[in-house]
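One structure is given here, and the rest of the page talks about it.
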Amino acid sequence: MQFKLFDDQQQLRLPQHLMQYTPGFINESEASRLLKLFLTTVPWEQHKVIMYDKEIVTPRLCAWYGPRPIRENDVRTPRPMTAELQSLRQRIMVVTGIRFDGVLLNYYRDGNDSVAWHADKDTIPGVKTDIASVSLGQVRNFDFRSKDNHSQRYSIALEHGSLLLMKADLQKYWEHRIAKSSTPMTARINLTFRKTHV
């Protein structure tokens, strides 16, 4: 069964110990400026991964900015944060009280780009950490389901300029995805700010 996260008053019904959603974290004009900037200046990469014993090309582009690889043996090239990413990181730290030191950008070019069901891997070995996710561009549904009971599902539409703080227990007990869409979609960039050391 699929549940929406909002009732008629647009209030979250999911317990806030799992996540906090802030629409309009970045105003529309600034969000649009950042979307255009990142689309044209980020050195996007596409990689192959092993899924279900098969090698596939990831159906999205990505870039990692941080002081070290996102995790051991990761193939993504670590890059120093730009001024714009540093500014966003600082603003998120003020709101959340969490000091992130890296950010993974994912570029969903259209409705064919997606990410399958998964829980984010540890950026600090053996430790689940909070992740702050900023969405720019096309509104896409963020689905998540209980690892123990796949029929327990929720969905939230991630809006242009929004901030979603995913608490550590979300990665521990839940999986999430951005599904493919048969509806025509334009570009979306998702920035997930992460911790790579305690």
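The values are calculated or read from the model by the stated rules, or taken from the named source; none is laboratory data. Not measured: the values here are computed from a predicted model. Note that we place each Cβ from the backbone using ideal geometry, even for glycine, and neighbour counts take in every protein chain shown.
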- Considering the stretch 58-94 alone, what residues qualify as being surrounded by 14 or more Cβ atoms within 10 Å (Cβ to Cβ) and under 16 Å from Asp120 (Cβ atoms)? Thr58, Arg60, Cys62, Trp64, Gly66, Pro69, Ile70, Arg71, Asp74, Arg76
- Condition set touching a residue at least 12 places away in the same chain (Cβ under 8 Å) and outside any loop (DSSP other than H, G, I, E, B), scope the stretch 67-83, selection nearest to Leu34 (Cα to Cα): answer is Arg79
- From the residues in the stretch 123-143 that are surrounded by 18 or more Cβ atoms within 10 Å (Cβ to Cβ) and assigned to a loop (DSSP other than H, G, I, E, B), which one is modelled with the lowest pLDDT? Thr123
- Message: Given (1) among the hydrophobic types (A, V, I, L, M, F, W, C); (2) assigned to a strand (DSSP E or B); (3) over 23 Å from Lys121 (Cβ atoms), identify the lone condition not met by Leu37.
- Response: (2)
- Candidates Leu170, Leu165, Leu191, filtered to the one that is among the aliphatic types (A, V, I, L, M) and in a helix (DSSP H, G or I): Leu170
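Looking at the stretch 144-162, which of its residues are without any contact (Cβ under 8 Å) to a residue 24 or more places away in the chain and either in a strand (DSSP E or B) or under 14 Å from the mean Cα position of the chain (by Cα) (or both)?
Of everything in the stretch 144-162, just one residue is without any contact (Cβ under 8 Å) to a residue 24 or more places away in the chain and either in a strand (DSSP E or B) or under 14 Å from the mean Cα position of the chain (by Cα) (or both), namely Ala157.
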